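K.L.:
Encoded as C-alpha coordinates, here's the structure I'll be asking about.
The values are calculated or read from the model by the stated rules, or taken from the named source; none is laboratory data. On a predicted model such as this, the values are computed, not experimentally measured, just so you know. Note that we place each Cβ from the backbone using ideal geometry, even for glycine, and neighbour counts take in every protein chain shown. Side chains are part of the model used for accessible areas, which takes the heavy atoms of the whole protein and leaves out ligands, DNA and RNA. Shrake-Rupley method; radii C 1.70, N 1.55, O 1.52, S 1.80 Å.
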Amino acid sequence: MKLPIYLDNHATTKVDPRVVETMLPYFTEKYGNAASRNHAFGWVAEEGVEQARQQIAEALNADAKEIVFTSGATESNNLALKGVVEMYREKGDHIIISSTEHRSVLDTAKTLETKRGVKVTYLPVDKYGMVSPDDVRAAITDKTVLISVMLANNEIGTINPVADIGKVAKEKGILFHCDATQGVGKIPVDVQAMGIDLLSCTAHKIYGPKGIGALYVRKKGPRVRLAPIIDGGGHERGMRSGTLAVPLIVGFGTAVTLCRQEMPVESVRLAALRDRLQTTITTALEEVYLNGHPTQRLPHNLNLSFAYVEGESLLMGMKEIALSSGSACTSATLEPSYVLKALGVGAELAHSSIRFGIGRFNTEEEIDYTAKRMIETVTKLREMSPLYEMAKEGIDLKSVQWAAH
Ligand SMILES: *Cc1c(COP(=O)(O)O)cnc(C)c1O
(Lines give C-alpha, C1' and ligand atoms only; values in the text may rest on other atoms or scores of the structure.)
Protein backbone atom coordinates (compact mmCIF):
# COMPACT_ATOMS: atom_id res chain seq x y z
CA MET A 1 0.00 0.00 0.00
CA LYS A 2 1.31 3.44 -0.96
CA LEU A 3 0.94 6.63 1.07
CA PRO A 4 -0.59 9.17 0.91
CA ILE A 5 -4.06 7.73 0.41
CA TYR A 6 -6.53 9.74 -1.66
CA LEU A 7 -10.04 9.75 -0.18
CA ASP A 8 -11.26 13.12 -1.45
CA ASN A 9 -13.02 11.94 -4.59
CA HIS A 10 -15.84 14.47 -4.26
CA ALA A 11 -13.33 17.28 -4.79
CA THR A 12 -11.75 15.73 -7.86
CA THR A 13 -10.60 12.37 -9.16
CA LYS A 14 -7.49 10.93 -10.74
CA VAL A 15 -7.75 10.76 -14.52
CA ASP A 16 -8.14 7.12 -15.49
CA PRO A 17 -5.14 6.03 -17.61
CA ARG A 18 -7.62 4.63 -20.16
CA VAL A 19 -9.04 8.15 -20.48
CA VAL A 20 -5.60 9.70 -20.97
CA GLU A 21 -4.83 7.19 -23.68
CA THR A 22 -7.81 8.26 -25.80
CA MET A 23 -6.93 11.95 -25.30
CA LEU A 24 -3.28 11.83 -26.35
CA PRO A 25 -3.65 11.69 -30.15
CA TYR A 26 -5.78 14.84 -30.01
CA PHE A 27 -2.86 16.87 -28.68
CA THR A 28 -0.24 15.95 -31.25
CA GLU A 29 -1.73 14.30 -34.35
CA LYS A 30 -5.39 15.19 -34.46
CA TYR A 31 -4.88 18.79 -33.37
CA GLY A 32 -7.29 20.47 -35.77
CA ASN A 33 -9.91 23.01 -34.80
CA ALA A 34 -13.26 21.22 -34.69
CA ALA A 35 -14.81 24.28 -36.34
CA SER A 36 -12.51 24.10 -39.38
CA ARG A 37 -14.86 22.94 -42.11
CA ASN A 38 -12.45 22.93 -45.06
CA HIS A 39 -9.85 20.31 -44.27
CA ALA A 40 -9.23 16.87 -42.82
CA PHE A 41 -7.66 18.20 -39.61
CA GLY A 42 -10.92 19.92 -38.76
CA TRP A 43 -13.05 16.94 -39.75
CA VAL A 44 -11.01 14.54 -37.61
CA ALA A 45 -11.26 16.84 -34.57
CA GLU A 46 -14.98 17.28 -35.14
CA GLU A 47 -15.42 13.53 -35.35
CA GLY A 48 -13.78 13.16 -31.92
CA VAL A 49 -16.03 15.85 -30.47
CA GLU A 50 -19.21 14.39 -31.95
CA GLN A 51 -18.42 10.91 -30.68
CA ALA A 52 -17.94 12.28 -27.16
CA ARG A 53 -21.15 14.30 -27.46
CA GLN A 54 -22.95 11.08 -28.36
CA GLN A 55 -21.37 9.20 -25.43
CA ILE A 56 -22.44 11.88 -22.95
CA ALA A 57 -25.93 12.14 -24.43
CA GLU A 58 -26.40 8.36 -24.17
CA ALA A 59 -25.40 8.41 -20.51
CA LEU A 60 -28.14 10.98 -19.82
CA ASN A 61 -30.75 9.48 -22.18
CA ALA A 62 -30.56 12.68 -24.23
CA ASP A 63 -29.89 13.58 -27.86
CA ALA A 64 -26.34 14.56 -28.86
CA LYS A 65 -27.65 17.90 -30.15
CA GLU A 66 -28.75 18.75 -26.62
CA ILE A 67 -25.21 18.71 -25.18
CA VAL A 68 -23.36 22.03 -24.87
CA PHE A 69 -19.70 21.83 -23.86
CA THR A 70 -18.46 24.25 -21.20
CA SER A 71 -15.35 24.61 -19.04
CA GLY A 72 -16.93 22.69 -16.15
CA ALA A 73 -19.97 22.46 -13.94
CA THR A 74 -19.41 25.93 -12.50
CA GLU A 75 -19.83 27.42 -15.96
CA SER A 76 -22.74 25.09 -16.76
CA ASN A 77 -24.55 26.22 -13.63
CA ASN A 78 -23.87 29.88 -14.42
CA LEU A 79 -25.10 29.42 -17.99
CA ALA A 80 -28.25 27.59 -16.89
CA LEU A 81 -29.31 30.14 -14.29
CA LYS A 82 -28.18 33.35 -15.99
CA GLY A 83 -29.16 32.12 -19.45
CA VAL A 84 -32.72 31.26 -18.41
CA VAL A 85 -33.24 34.39 -16.30
CA GLU A 86 -32.09 36.62 -19.18
CA MET A 87 -34.04 34.76 -21.87
CA TYR A 88 -37.32 34.48 -19.96
CA ARG A 89 -37.23 37.98 -18.45
CA GLU A 90 -40.64 38.84 -19.91
CA LYS A 91 -42.19 35.78 -18.29
CA GLY A 92 -41.01 36.42 -14.74
CA ASP A 93 -38.28 37.24 -12.29
CA HIS A 94 -38.44 34.46 -9.71
CA ILE A 95 -36.26 31.37 -9.33
CA ILE A 96 -36.29 28.55 -6.78
CA ILE A 97 -33.13 26.80 -5.59
CA SER A 98 -32.31 24.59 -2.63
CA SER A 99 -30.21 25.89 0.26
CA THR A 100 -27.65 23.08 -0.03
CA GLU A 101 -26.71 23.72 -3.67
CA HIS A 102 -23.06 23.92 -4.66
CA ARG A 103 -21.47 27.38 -4.38
CA SER A 104 -21.62 27.79 -8.15
CA VAL A 105 -25.44 27.71 -8.00
CA LEU A 106 -25.82 29.61 -4.71
CA ASP A 107 -23.45 32.41 -5.70
CA THR A 108 -24.95 32.72 -9.18
CA ALA A 109 -28.40 33.06 -7.61
CA LYS A 110 -27.01 35.63 -5.18
CA THR A 111 -25.56 37.66 -8.07
CA LEU A 112 -28.88 37.53 -9.91
CA GLU A 113 -30.59 38.66 -6.71
CA THR A 114 -28.31 41.59 -5.90
CA LYS A 115 -27.36 42.80 -9.39
CA ARG A 116 -30.46 41.94 -11.39
CA GLY A 117 -33.25 42.20 -8.84
CA VAL A 118 -34.27 38.57 -9.35
CA LYS A 119 -36.30 37.07 -6.50
CA VAL A 120 -34.81 33.86 -5.16
CA THR A 121 -36.51 31.30 -2.94
CA TYR A 122 -34.01 29.18 -0.99
CA LEU A 123 -35.75 25.90 -0.16
CA PRO A 124 -35.05 24.28 3.20
CA VAL A 125 -33.99 20.63 3.48
CA ASP A 126 -34.94 17.99 6.02
CA LYS A 127 -32.50 16.64 8.62
CA TYR A 128 -31.04 14.30 6.01
CA GLY A 129 -30.46 17.11 3.51
CA MET A 130 -33.37 16.26 1.26
CA VAL A 131 -35.56 18.73 -0.63
CA SER A 132 -39.31 18.11 -0.48
CA PRO A 133 -41.24 18.22 -3.78
CA ASP A 134 -44.16 19.73 -1.82
CA ASP A 135 -41.94 22.63 -0.76
CA VAL A 136 -41.00 23.13 -4.40
CA ARG A 137 -44.67 23.18 -5.38
CA ALA A 138 -45.53 25.64 -2.60
CA ALA A 139 -42.75 28.03 -3.63
CA ILE A 140 -43.93 28.37 -7.24
CA THR A 141 -45.54 31.69 -8.22
CA ASP A 142 -46.79 32.94 -11.59
CA LYS A 143 -43.44 34.73 -11.94
CA THR A 144 -41.29 31.60 -11.49
CA VAL A 145 -39.03 30.87 -14.48
CA LEU A 146 -36.67 28.22 -13.08
CA ILE A 147 -36.32 25.55 -10.41
CA SER A 148 -32.77 24.39 -9.66
CA VAL A 149 -32.24 21.42 -7.35
CA MET A 150 -29.10 19.28 -7.30
CA LEU A 151 -29.20 15.51 -7.85
CA ALA A 152 -26.70 14.53 -5.14
CA ASN A 153 -24.99 16.72 -2.59
CA ASN A 154 -21.22 17.04 -2.75
CA GLU A 155 -20.73 17.09 1.03
CA ILE A 156 -23.21 14.60 2.45
CA GLY A 157 -24.06 12.57 -0.65
CA THR A 158 -27.83 12.83 -0.13
CA ILE A 159 -29.78 12.07 -3.31
CA ASN A 160 -32.80 14.31 -3.92
CA PRO A 161 -36.16 13.02 -5.21
CA VAL A 162 -35.40 14.63 -8.55
CA ALA A 163 -38.00 12.73 -10.60
CA ASP A 164 -40.76 13.96 -8.26
CA ILE A 165 -39.48 17.52 -8.46
CA GLY A 166 -39.37 17.18 -12.25
CA LYS A 167 -43.02 16.13 -12.19
CA VAL A 168 -43.99 19.24 -10.21
CA ALA A 169 -42.04 21.42 -12.65
CA LYS A 170 -43.73 19.79 -15.68
CA GLU A 171 -47.17 20.12 -14.13
CA LYS A 172 -46.63 23.85 -13.59
CA GLY A 173 -44.79 24.41 -16.89
CA ILE A 174 -41.60 25.64 -15.25
CA LEU A 175 -38.08 24.83 -16.41
CA PHE A 176 -36.12 22.46 -14.18
CA HIS A 177 -32.34 22.62 -13.90
CA CYS A 178 -30.40 19.93 -12.05
CA ASP A 179 -26.76 20.14 -11.00
CA ALA A 180 -26.00 16.45 -11.44
CA THR A 181 -22.23 16.82 -11.11
CA GLN A 182 -21.88 14.33 -8.25
CA GLY A 183 -24.46 11.92 -9.64
CA VAL A 184 -23.52 11.46 -13.29
CA GLY A 185 -21.38 8.38 -13.69
CA LYS A 186 -22.10 7.24 -10.14
CA ILE A 187 -25.86 6.60 -10.13
CA PRO A 188 -28.31 6.23 -13.03
CA VAL A 189 -29.35 9.55 -14.59
CA ASP A 190 -32.16 9.91 -17.12
CA VAL A 191 -33.30 13.38 -18.16
CA GLN A 192 -36.56 11.98 -19.59
CA ALA A 193 -37.58 9.90 -16.59
CA MET A 194 -36.48 12.67 -14.23
CA GLY A 195 -38.19 15.48 -16.13
CA ILE A 196 -34.99 17.52 -16.30
CA ASP A 197 -34.76 20.42 -18.79
CA LEU A 198 -31.20 21.52 -18.06
CA LEU A 199 -28.44 19.42 -16.44
CA SER A 200 -24.89 20.29 -15.40
CA CYS A 201 -21.98 17.87 -15.16
CA THR A 202 -18.19 17.86 -15.30
CA ALA A 203 -15.45 15.42 -16.32
CA HIS A 204 -13.03 15.75 -13.41
CA LYS A 205 -15.41 14.22 -10.87
CA ILE A 206 -15.67 11.04 -12.96
CA TYR A 207 -12.01 10.22 -13.68
CA GLY A 208 -11.81 12.62 -16.62
CA PRO A 209 -9.74 15.78 -17.11
CA LYS A 210 -10.27 19.12 -15.37
CA GLY A 211 -11.57 22.08 -17.36
CA ILE A 212 -14.34 20.41 -19.35
CA GLY A 213 -18.01 20.14 -18.51
CA ALA A 214 -21.37 20.01 -20.21
CA LEU A 215 -24.81 21.50 -19.98
CA TYR A 216 -27.70 19.42 -21.26
CA VAL A 217 -30.28 21.77 -22.80
CA ARG A 218 -33.63 20.18 -23.72
CA LYS A 219 -34.58 20.63 -27.39
CA LYS A 220 -38.18 19.57 -27.33
CA GLY A 221 -41.00 19.21 -24.85
CA PRO A 222 -40.22 22.09 -24.13
CA ARG A 223 -37.48 23.61 -26.27
CA VAL A 224 -35.28 25.50 -23.81
CA ARG A 225 -33.75 28.75 -25.01
CA LEU A 226 -30.73 30.31 -23.33
CA ALA A 227 -29.08 33.70 -23.55
CA PRO A 228 -25.32 33.07 -23.86
CA ILE A 229 -22.85 34.39 -21.31
CA ILE A 230 -19.94 34.29 -23.78
CA ASP A 231 -20.28 35.90 -27.21
CA GLY A 232 -18.12 34.93 -30.15
CA GLY A 233 -18.07 32.52 -33.05
CA GLY A 234 -21.45 31.03 -32.29
CA HIS A 235 -20.16 27.58 -31.35
CA GLU A 236 -22.41 25.13 -29.51
CA ARG A 237 -25.62 26.37 -31.20
CA GLY A 238 -24.75 29.91 -30.15
CA MET A 239 -24.98 29.06 -26.46
CA ARG A 240 -21.27 28.86 -25.73
CA SER A 241 -18.76 30.41 -28.12
CA GLY A 242 -15.09 29.50 -28.06
CA THR A 243 -12.85 26.92 -29.75
CA LEU A 244 -13.72 23.50 -28.42
CA ALA A 245 -11.18 21.81 -26.13
CA VAL A 246 -11.03 18.70 -28.31
CA PRO A 247 -8.66 16.50 -26.22
CA LEU A 248 -10.59 17.28 -23.03
CA ILE A 249 -13.91 16.60 -24.72
CA VAL A 250 -12.67 13.25 -26.05
CA GLY A 251 -11.48 12.37 -22.52
CA PHE A 252 -14.84 13.39 -21.07
CA GLY A 253 -16.61 11.04 -23.50
CA THR A 254 -14.36 8.12 -22.56
CA ALA A 255 -14.75 8.86 -18.84
CA VAL A 256 -18.54 8.84 -19.06
CA THR A 257 -18.58 5.60 -21.03
CA LEU A 258 -16.25 3.84 -18.59
CA CYS A 259 -18.43 4.93 -15.67
CA ARG A 260 -21.53 3.65 -17.42
CA GLN A 261 -20.00 0.28 -18.19
CA GLU A 262 -18.60 -0.19 -14.70
CA MET A 263 -21.40 1.36 -12.63
CA PRO A 264 -23.38 -1.82 -11.77
CA VAL A 265 -20.31 -3.55 -10.32
CA GLU A 266 -18.42 -0.47 -9.14
CA SER A 267 -21.25 1.09 -7.16
CA VAL A 268 -21.68 -2.16 -5.21
CA ARG A 269 -17.93 -2.35 -4.53
CA LEU A 270 -17.77 1.27 -3.36
CA ALA A 271 -20.84 0.97 -1.14
CA ALA A 272 -19.33 -2.12 0.49
CA LEU A 273 -16.05 -0.28 1.17
CA ARG A 274 -17.98 2.71 2.49
CA ASP A 275 -20.09 0.53 4.81
CA ARG A 276 -16.98 -1.29 5.99
CA LEU A 277 -15.33 2.04 6.84
CA GLN A 278 -18.42 3.32 8.64
CA THR A 279 -18.98 0.11 10.61
CA THR A 280 -15.36 -0.22 11.71
CA ILE A 281 -15.26 3.38 12.91
CA THR A 282 -18.65 3.44 14.64
CA THR A 283 -18.04 0.09 16.32
CA ALA A 284 -14.81 1.32 17.87
CA LEU A 285 -15.79 4.89 18.71
CA GLU A 286 -18.75 6.37 20.55
CA GLU A 287 -20.50 9.62 19.64
CA VAL A 288 -19.88 9.43 15.94
CA TYR A 289 -22.80 10.80 13.91
CA LEU A 290 -23.70 10.25 10.29
CA ASN A 291 -24.48 13.39 8.28
CA GLY A 292 -26.76 12.86 5.32
CA HIS A 293 -29.36 10.28 4.44
CA PRO A 294 -28.81 6.74 5.79
CA THR A 295 -29.88 5.07 2.54
CA GLN A 296 -30.63 7.68 -0.15
CA ARG A 297 -27.04 8.70 -0.70
CA LEU A 298 -24.16 8.25 -3.10
CA PRO A 299 -22.52 4.83 -2.78
CA HIS A 300 -19.04 6.27 -2.27
CA ASN A 301 -19.90 9.04 0.21
CA LEU A 302 -19.50 9.02 3.96
CA ASN A 303 -19.78 12.13 6.13
CA LEU A 304 -19.25 11.68 9.86
CA SER A 305 -19.10 14.02 12.84
CA PHE A 306 -16.77 13.05 15.70
CA ALA A 307 -18.04 14.79 18.84
CA TYR A 308 -15.44 16.66 20.95
CA VAL A 309 -12.88 16.66 18.13
CA GLU A 310 -12.14 19.45 15.66
CA GLY A 311 -12.22 18.22 12.06
CA GLU A 312 -9.18 20.33 11.22
CA SER A 313 -7.13 18.89 14.10
CA LEU A 314 -8.18 15.43 13.06
CA LEU A 315 -6.88 15.97 9.53
CA MET A 316 -3.63 17.46 10.87
CA GLY A 317 -3.18 14.32 12.97
CA MET A 318 -3.38 12.04 9.94
CA LYS A 319 -1.72 13.91 7.09
CA GLU A 320 -1.03 10.73 5.11
CA ILE A 321 -4.74 10.50 4.24
CA ALA A 322 -6.37 13.07 1.96
CA LEU A 323 -9.80 13.88 3.38
CA SER A 324 -11.96 16.95 3.64
CA SER A 325 -13.50 18.62 6.65
CA GLY A 326 -16.66 20.17 5.31
CA SER A 327 -16.65 21.03 1.60
CA ALA A 328 -13.36 21.72 -0.17
CA CYS A 329 -14.83 25.06 -1.18
CA THR A 330 -15.72 26.19 2.35
CA SER A 331 -12.67 24.76 4.10
CA ALA A 332 -10.69 27.93 3.31
CA THR A 333 -12.88 29.74 5.84
CA LEU A 334 -13.59 28.87 9.44
CA GLU A 335 -17.36 29.00 8.94
CA PRO A 336 -19.02 25.67 9.63
CA SER A 337 -20.34 24.09 6.46
CA TYR A 338 -23.57 25.77 5.27
CA VAL A 339 -24.79 22.36 4.13
CA LEU A 340 -24.53 20.86 7.61
CA LYS A 341 -26.09 24.03 9.03
CA ALA A 342 -29.06 23.62 6.68
CA LEU A 343 -29.53 20.09 8.05
CA GLY A 344 -29.74 21.53 11.54
CA VAL A 345 -26.38 20.11 12.64
CA GLY A 346 -25.06 22.34 15.45
CA ALA A 347 -21.87 24.38 15.01
CA GLU A 348 -19.88 22.05 17.28
CA LEU A 349 -20.71 18.89 15.37
CA ALA A 350 -20.39 20.68 12.03
CA HIS A 351 -16.83 21.67 12.95
CA SER A 352 -16.09 18.06 13.81
CA SER A 353 -17.23 16.62 10.48
CA ILE A 354 -15.11 14.69 8.02
CA ARG A 355 -16.06 13.81 4.45
CA PHE A 356 -14.78 10.55 2.99
CA GLY A 357 -15.01 10.23 -0.79
CA ILE A 358 -14.10 6.72 -1.91
CA GLY A 359 -13.12 6.24 -5.53
CA ARG A 360 -12.27 3.84 -8.34
CA PHE A 361 -8.64 3.46 -7.30
CA ASN A 362 -9.14 2.86 -3.58
CA THR A 363 -8.53 -0.61 -2.14
CA GLU A 364 -9.86 -2.46 0.88
CA GLU A 365 -6.39 -2.21 2.43
CA GLU A 366 -6.54 1.58 2.21
CA ILE A 367 -9.99 1.65 3.78
CA ASP A 368 -8.84 -0.54 6.69
CA TYR A 369 -5.76 1.62 7.22
CA THR A 370 -7.93 4.75 7.20
CA ALA A 371 -10.38 3.32 9.73
CA LYS A 372 -7.50 2.33 12.02
CA ARG A 373 -5.83 5.75 11.82
CA MET A 374 -9.16 7.50 12.31
CA ILE A 375 -9.89 5.52 15.48
CA GLU A 376 -6.35 6.15 16.85
CA THR A 377 -6.43 9.86 16.13
CA VAL A 378 -9.92 10.51 17.48
CA THR A 379 -9.10 8.55 20.64
CA LYS A 380 -5.89 10.53 21.15
CA LEU A 381 -7.56 13.90 20.58
CA ARG A 382 -10.45 13.05 22.88
CA GLU A 383 -8.01 12.06 25.62
CA MET A 384 -6.60 15.58 25.40
CA SER A 385 -10.02 17.25 25.35
CA PRO A 386 -11.26 18.74 28.64
CA LEU A 387 -14.78 18.86 27.16
CA TYR A 388 -14.73 15.16 26.48
CA GLU A 389 -13.51 14.50 30.01
CA MET A 390 -16.30 16.60 31.49
CA ALA A 391 -18.89 14.86 29.34
CA LYS A 392 -17.55 11.49 30.46
CA GLU A 393 -17.90 12.58 34.07
CA GLY A 394 -21.54 13.25 33.40
CA ILE A 395 -21.40 17.05 33.44
CA ASP A 396 -24.04 18.57 31.18
CA LEU A 397 -21.94 20.86 28.98
CA LYS A 398 -24.94 23.02 28.13
CA SER A 399 -25.33 23.94 31.81
CA VAL A 400 -21.72 25.05 32.24
CA GLN A 401 -21.26 28.79 32.79
CA TRP A 402 -18.30 29.67 30.59
CA ALA A 403 -16.11 32.60 31.65
CA ALA A 404 -16.24 35.48 29.16
CA HIS A 405 -13.21 35.74 26.86
C1 LIG B 1 -17.47 20.05 -8.27
C2 LIG B 1 -18.86 20.50 -8.36
C3 LIG B 1 -19.21 21.61 -9.15
C4 LIG B 1 -18.17 22.43 -9.88
O5 LIG B 1 -17.61 21.74 -10.95
P6 LIG B 1 -16.33 22.32 -11.71
O7 LIG B 1 -16.26 21.52 -12.95
O8 LIG B 1 -15.18 22.11 -10.80
O9 LIG B 1 -16.58 23.76 -11.99
C10 LIG B 1 -20.54 21.96 -9.21
N11 LIG B 1 -21.49 21.28 -8.54
C12 LIG B 1 -21.20 20.23 -7.77
C13 LIG B 1 -22.30 19.51 -7.06
C14 LIG B 1 -19.88 19.80 -7.65
O15 LIG B 1 -19.60 18.75 -6.88
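K.L.:
Given the protein chains as shown and a 1.4 Å probe, how many square angstrom of Asp368 are accessible, to the nearest 10?
P.N.:
Its accessible surface works out to 60 Å², give or take rounding.
K.L.:
Not counting the cut sites, what is the longest span of the chain without chymotrypsin sites (Phe, Trp or Tyr not before Pro) that DSSP labels loop and that have at most 14 other Cβ atoms within 10 Å?
P.N.:
32-360
K.L.:
May I pose another question? Of all accessible surface on the range 71-186 at a 1.4 Å probe, what whole percent is carbon and sulfur?
P.N.:
On the range 71-186, the fraction of accessible area on carbon and sulfur atoms equals 52 percent.
K.L.:
Over 23 Å between Cα atoms, which of Lys91/Lys219; Lys91/Lys119; Lys30/Lys220; Lys172/Lys205; Lys172/Lys219; Lys110/Lys205 qualify?
P.N.:
The answer is Lys30/Lys220; Lys172/Lys205; Lys110/Lys205.
K.L.:
List the relative contact order of the chain as a percent without decimals, with contacts defined as Cα pairs under 8 Å and 6+ residues apart.
P.N.:
Here the relative contact order equals 22 percent.
K.L.:
Could you tell me which of rounded, prolate or oblate describes the range 333-405, using a ≥ b ≥ c as the square roots of the eigenvalues of the alpha-carbon gyration tensor, with rounded for a/c under 1.5 and, failing that, prolate when a/b is larger than b/c and oblate otherwise?
P.N.:
Taking the square roots of the gyration eigenvalues as a ≥ b ≥ c, the range 333-405 is oblate.
K.L.:
I'd like the FRET efficiency for Tyr289 and Lys170, computed as 1/(1 + (r/R0)^6) with the beta carbon distance as r and R0 of 35 Å, rounded to 0.05.
P.N.:
For Tyr289 and Lys170, the calculated efficiency is 0.40.
K.L.:
Out of all DSSP beta bridges in the chain, what portion is antiparallel? Express it as a percent rounded to 5.
P.N.:
55
K.L.:
For the range 17-258, what is the accessible area per residue in Å² when the probe is 1.4 Å?
P.N.:
39
K.L.:
Considering only DSSP beta bridges where both residues belong to the range 167-313, give the percentage that are antiparallel (nearest 5).
P.N.:
75
K.L.:
To continue, here is another question. What is the percent carbon and sulfur in the accessible area of the range 8-55, measuring with a 1.4 Å probe over the protein chains and ignoring ligands?
P.N.:
Accessible surface attributable to carbon and sulfur in the range 8-55 totals 56 percent.
K.L.:
Further question on the same structure: Where a ≥ b ≥ c are the square roots of the eigenvalues of the C-alpha gyration tensor, would you call the chain rounded, which needs a/c under 1.5, or, failing that, prolate if a/b is larger than b/c, or oblate?
P.N.:
Oblate shape, in that a/c is at least 1.5 and b/c is the bigger or equal ratio.
K.L.:
For the range 12-31 and the range 385-399, write down the distance between their C-alpha centroids in whole Å.
P.N.:
When both Cα centres are located, 55 Å separates them.
K.L.:
Counting helices only, and only those DSSP H runs with n ≥ 4, report the 222 nm mean residue ellipticity of the chain as the sum of -39,500 (n - 2.57) divided by its residues, in deg cm²/dmol to the nearest 500.
P.N.:
Calculated at 222 nm, the ellipticity per residue is -12500 deg cm²/dmol.
K.L.:
I've got another one for you. Excluding ligands and nucleic acids, what accessible area in Å² is computed for Lys167 using a 1.4 Å probe, to the nearest 10?
P.N.:
Surface open to solvent at Lys167 totals about 130 Å².
K.L.:
In addition: How far, in degrees from 0 to 90, does helix 246-284 lean away from the longest principal axis of the Cα atoms of the chain, to the nearest 10?
P.N.:
With rounding to tens, the tilt is 20 degrees.
K.L.:
In degrees between 0 and 90, to the nearest 10, how far off the longest principal axis of the chain does helix 73-87 point, with axes built from Cα atoms?
P.N.:
Around 60 degrees separate the two axes.
K.L.:
Tilt of helix 364-383 relative to the longest C-alpha principal axis of the chain, in degrees (0 to 90, nearest 10)?
P.N.:
Relative to the chain, helix 364-383 is tipped by roughly 40 degrees.
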